[in-house]
Amino acid sequence: MSSDQASFARALLDPERQAPDGVTSHTHAAPAKRFAVYRNNVVVGLVDALATRFPAVQRIVGEEFFRAMAGVFVRAHPPRSPLMMDYGDDLPAFVETFAPAAELPYLADVARLEAARTRAFHAADAAPLPPAAFSALEPAELEALRLQFCPDIAIVRSTHPIVTIWAMNVDEAEPAPIEDWRGEDALVSREGFEVAVRRLPPGGAVFLANLRAGGTLAEAALAAMQETARFDLAENLAGLMSAQLVAGLIPAQVPAF
Amino acid sequence: MIQPALPPRTGVGFKPDHFEGLIADPGPIGFVEVHAENYMGEGGRPHARLTHLHERFALSLHGVGLSIGVDGPLDRAHLQRLRRLCDRYRPESFSEHLAWSSHGEIYLNDLLPLPYTAATLARIADHVAEIQDALGRRMLLENPATYLLFAESTLAETDFLAGIVGRTGCGLLLDVNNVFVSATNHGRSAEAYLAAFPLEHVGEIHLAGHAASADDMGAPLLIDAHGSPVADPVWALFERVIVRTGPLPTLIEWDNDVPAWPVLRSESVAADAVLTRFGVMHAA
């Protein structure tokens, strides 16, 4: 009897299936336990890859819940690429629809934050401008200025305090009850080789998103002010300059290709 | 075609936690090996460290995701990623496994077994030739650790590997732990396997630890777990290989439950001692 990789692969991902036709051993013609070694390697290896990428999610739900949830995800969404650093990009969307996690409505956004951290970690190297590059500009130039951003930046918006929750679950902040439960927007970026996670000020996410889409400082500030009256341009500009986000300045006279 | 070579010394599979220890106190280390797929991001610390390591040590790029044994075409996008990595680092060796690890669009993240027939030999030889053409270099093909057999197999694994070498000119990566694991799992003699192995084509040796389990009938089933020291019978087989071949580049793999650097370093010291003592017997 011959084997084929299609049935072998199906049986790996489906614990209800028997070992595929054509496999054998010197002790037993239907070596279920031997086939189970491969089945276990596949699922455990992929669950481990997710546990490495989503440590805060695992801490929040506990290891047993996480591994059970990840096991369901692995079988429903096996990887499409041999690059394990990318595996789990669609875990946040899965978490959102995973009924047993429904009472943790912030869990998917914490997963989005962790997925963004891995992407930042592996992003292309860039040389951010020093803050002094901004101070050389005339105030009149600032308004029409466009910015070129480093490639490692991500903004994760949430209606839950995801930065606070994330920090408490990776030992970057003391665990404590969250008295003031309000949404937080996270800025994920790289400082050298370290990934930094910051809480954006009100309107900051819209301001940055507008700039990254090619808007001028004036356009981005207007969009942020329309989003919230609490937007503070000076605070956001200072943050922009100090956070090593900007790789280049595009003054108005140069067309922004 | 480029045919670079690793130095006939001991090396380690590089783990990020060992970076400082490896730089400060490398012991007898002559090369490091990394899994190619872990360095397919664009930038960041992984590349900075690998660049630094390659300034000090020879580099072996070891693929785990190319799925050479796949029953369809090779993943050309992945082959191009490997090409870029080889161009960027110019490693002294590139190696991959006699196994498959993907099916269609799905990547299964394990080294899965193959039946050894004339048809699979022809397919894998074609794939190895395609890889060597795409990378512009000779590759090494590694013997697998296997847990089950295929009823349709007609060739011994050693004849199968020799057949691929004969058709493609590739070299072999002899994983001595895999030899011991597979021989035990299939009730065969590891010594007989090594006696039949085309040692003259070996460009690198792997040593690693395994874990013990049992099969459906209670027979011993060893798992290629890479989470413990190299076992005594594997050291003994390694010594006999080196007597026959002389010193060869020899890697200690420890991928799970990774120990502190001094523990891994002491394994490489032990491998280095074998290369020195038993390599001399080859010369004599």
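Within the stretch A:178-193, identify whether any single residue is modelled with pLDDT of 95 or more, part of a helix (DSSP H, G or I) and in contact with a Leu (Cβ under 6 Å, 6 or more places away or on another chain), and answer yes or no. No; the residues of the stretch A:178-193 include none that is modelled with pLDDT of 95 or more, part of a helix (DSSP H, G or I) and in contact with a Leu (Cβ under 6 Å, 6 or more places away or on another chain).
Taking the criterion of being facing another protein chain (nearest Cβ under 8 Å) and in a helix (DSSP H, G or I), the residues of the stretch A:14-58 that qualify are A:32, A:33, A:34, A:35, A:37, A:38, A:41, A:42, A:45, A:46, A:49.
Can you tell me which residue is farthest from residue B:87 (Cα to Cα) among those in the stretch B:6-45 that are aromatic (Phe, Trp, Tyr) and away from every other protein chain (no Cβ under 13 Å)?
Our first condition is that a residue be aromatic (Phe, Trp, Tyr); within the stretch B:6-45, this holds for B:14, B:19, B:31, B:39.
Those left that are additionally away from every other protein chain (no Cβ under 13 Å): B:14, B:31.
On the way: B:14: 20, B:31: 18 Å.
Ranking the candidates gives B:14 first.
Checking each residue in the stretch B:69-100 for being touching a Gly at 6+ places or on another chain (Cβ under 9 Å), surrounded by fewer than 21 Cβ atoms within 10 Å (Cβ to Cβ) and of a type in the set (Gly, Ala, Ser) picks out only B:72. For residue B:50, are the conditions met, namely being buried (at least 20 other Cβ atoms within 10 Å of the Cβ) and closer than 26 Å to residue A:150 by Cβ? Judged against the criteria, residue B:50 is a match.
Yes/no matrix, rows are residues, columns are (1) modelled with pLDDT of 95 or more; (2) part of a helix (DSSP H, G or I):
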residue	(1), (2)
A:206	yes, yes
A:209	yes, yes
A:223	yes, yes
A:229	yes, no
A:234	no, yes
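Listed by position, the strands (runs of 3 or more DSSP E) contained in the stretch B:46-140 that have at least 1 residues being on the phi < 0 side of the Ramachandran plot and within 8 Å of chain A (Cβ to nearest Cβ) are B:100-103, B:106-112.
Count of the stretch A:69-118 residues, restricted to those that are surrounded by fewer than 21 Cβ atoms within 10 Å (Cβ to Cβ) and touching a strand residue (DSSP E or B) at 6+ places or on another chain (Cβ under 7 Å), is 2.
May I ask you to list the residues in the stretch A:77-95 that are assigned to a helix (DSSP H, G or I) and either of a type in the set (S, T, N, Q) or more than 8 Å from chain B (Cβ to nearest Cβ) (or both)? Selection gives A:86, A:91, A:92, A:93, A:94, A:95. Residue pairs whose Cβ atoms lie under 8 Å apart, sitting 6 or more positions apart in sequence or on different chains, and linking a residue in the stretch A:90-119 that is closer than 17 Å to residue A:74 by Cβ to a partner that is outside any helix (DSSP H, G or I) and acidic (Asp, Glu), are A:115/A:89. Scanning the stretch A:165-194 for residues that are surrounded by fewer than 20 Cβ atoms within 10 Å (Cβ to Cβ), under 19 Å from residue A:239 (Cα atoms) and within 16 Å of the chain's Cα centre (by Cα) yields one hit, A:194.
To keep it simple, each residue is scored yes or no on (1) over 25 Å from residue B:99 (Cβ atoms); (2) surrounded by fewer than 18 Cβ atoms within 10 Å (Cβ to Cβ); (3) in contact (Cβ under 8 Å) with a residue 60 or more places away in the chain.
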| position | (1), (2), (3) |
| --- | --- |
| A:7 | no, yes, no |
| A:21 | no, yes, no |
| A:37 | no, no, no |
| A:53 | no, no, yes |
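Restricting attention to the stretch A:100-147 and to residues that are among the acidic types (Asp, Glu) and in a helix (DSSP H, G or I), the residue that is nearest to the other protein chains (Cβ to nearest Cβ) turns out to be A:114. Would you check which residues across the stretch B:32-72 are under 21 Å from residue B:205 (Cα atoms) and aromatic (Phe, Trp, Tyr) and list them? Within the stretch B:32-72, just B:57 meets the criteria. Taking interchain pairs and intrachain pairs at least six residues apart, which have beta carbon atoms under 8 angstrom, with the first residue in the stretch B:210-221 and over 18 Å from residue B:178 (Cβ atoms) and the second in a strand (DSSP E or B)? Partner pairs satisfying both residue conditions: B:214/B:220; B:214/B:221.
Scanning the stretch B:240-276 for residues that are farther than 18 Å from residue B:30 by Cα, surrounded by 15 or more Cβ atoms within 10 Å (Cβ to Cβ) and free of Cβ contacts under 8 Å to residues at least 40 places away in the same chain yields a count of 2. Residue B:104 passes every criterion in (1) modelled with pLDDT under 95; (2) under 20 Å from the mean Cα position of the chain (by Cα) apart from (2).
The values are calculated or read from the model by the stated rules, or taken from the named source; none is laboratory data. Bear in mind that the values here come from a model prediction, so they are computed numbers and not experimental data. All Cβ positions, glycine included, derive from the backbone under ideal geometry; neighbour counts span all protein chains shown.
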